[in-house]
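What follows is a set of notes on a single structure, which appears directly below.
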Amino acid sequence: MSGQSIIHLGDVHLTLMSAAGPVNILRGIDLDVGAGEAVGLVGPSGSGKSTMLAVIAGLEAASSGEVTVAGQDLVGRDEDWLARYRRDNVGIVFQAFHLVPTMTALENVAVPLELAGRRDAFDLAAEKLAQVGLGHRLSHYPSQLSGGEQQRVALARAVAGSPRILLADEPTGNLDGKTGRAIIDAMFDLHRASGGAMLLITHDPVLAAECDRCVRIEDGRIVDDGYDAGVVVEAAAGD
């Protein structure tokens, strides 16, 4: 499937050094994700899910293996190249919102677009904030927003540049159930509209079941590729 994939990982290993010696984080990851596909990533804490997303985002360099995203080979690239790659291809939503506290909601979304050279940065930011239901909160600072509203700003920021890849790491982990549900609905709506790929780390089996496919990772290895989604989701309920 790699010829049709927007994300291709081939035998990816990642080893980091610690005071106690080398630590094998990823141990031979093989994964292909097609355009338009939403893939849930489940597995125990510390199994390598977040590290795998970091490799796809170009935030961590694989020790060995193939990493091709949006038709570009990430292996051996320098930081400047990777920064441009992320700017043009990747949107990231974290569990923590990572908003700039001294900027308004509008500025938090617009400034990265402005730095990327978009002349319509503020108009586009306002449009994306309206899409996530915050058209009336443009001038509010993060401290004036609820947790759910802050995550909506983070989501608007992640998708404002029309990324081909949306990566979400426990995006509802700091939110109550009702607020989290609203964030997920908005995220899936934006994903479907974009036609890109979405990878979503979650411990919620209900949320995992909403993805097109659910991949289970344990001890740095993919133990189920997600094509038997019911089995993977059932296992996720035990994490």
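The table that follows gives values for the structure above.
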| read-out | value |
| --- | --- |
| Residue selected from region 134-168 under the condition of a type in the set (Gly, Ala, Ser), assigned to a loop (DSSP other than H, G, I, E, B) and on the phi < 0 side of the Ramachandran plot, by the criterion modelled with the highest pLDDT | 139 |
| Identity of the residue in region 135-153, under 21 Å from the mean Cα position of the chain (by Cα) and either without any contact (Cβ under 8 Å) to a residue 12 or more places away in the chain or over 9 Å from residue 105 (Cα atoms) (or both), that ends up surrounded by the most Cβ atoms within 10 Å (Cβ to Cβ) | 151 |
| Residue in region 51-65 that is touching a strand residue (DSSP E or B) at 6+ places or on another chain (Cβ under 9 Å), in a strand (DSSP E or B), closer than 30 Å to residue 17 by Cα and not small (Gly, Ala, Ser) present | no |
| The lone exception for residue 122 - which of (1) out of contact with any strand residue (DSSP E or B) (no Cβ under 7 Å at 6 or more places or on another chain); (2) open to solvent by less than 50 Å² (accessible area, probe 1.4 Å) it fails | (2) |
| Count - residues of region 169-189 that are of a type in the set (S, T, N, Q) and part of a helix (DSSP H, G or I) | 1 |
| Test: residue in region 70-77 that is small (Gly, Ala, Ser), open to solvent by less than 40 Å² (accessible area, probe 1.4 Å) and either in contact (Cβ under 8 Å) with a residue 40 or more places away in the chain or within 23 Å of residue 181 (Cβ to Cβ) (or both) | yes |
| Which listed residue, of 133, 147, is small (Gly, Ala, Ser) and out of contact with any Leu (no Cβ under 9 Å at 6 or more places or on another chain) | 133 |
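The values are calculated or read from the model by the stated rules, or taken from the named source; none is laboratory data. The structure displayed is predicted, hence computed values, not measured ones. Every residue, glycine as well, gets a Cβ built from its backbone with ideal geometry; the counts of neighbours run over all protein chains shown. Ligands, DNA and RNA are stripped out before the accessible areas are found, and what is left, the full protein with its side chains, is counted by its heavy atoms. Shrake-Rupley method; radii C 1.70, N 1.55, O 1.52, S 1.80 Å.
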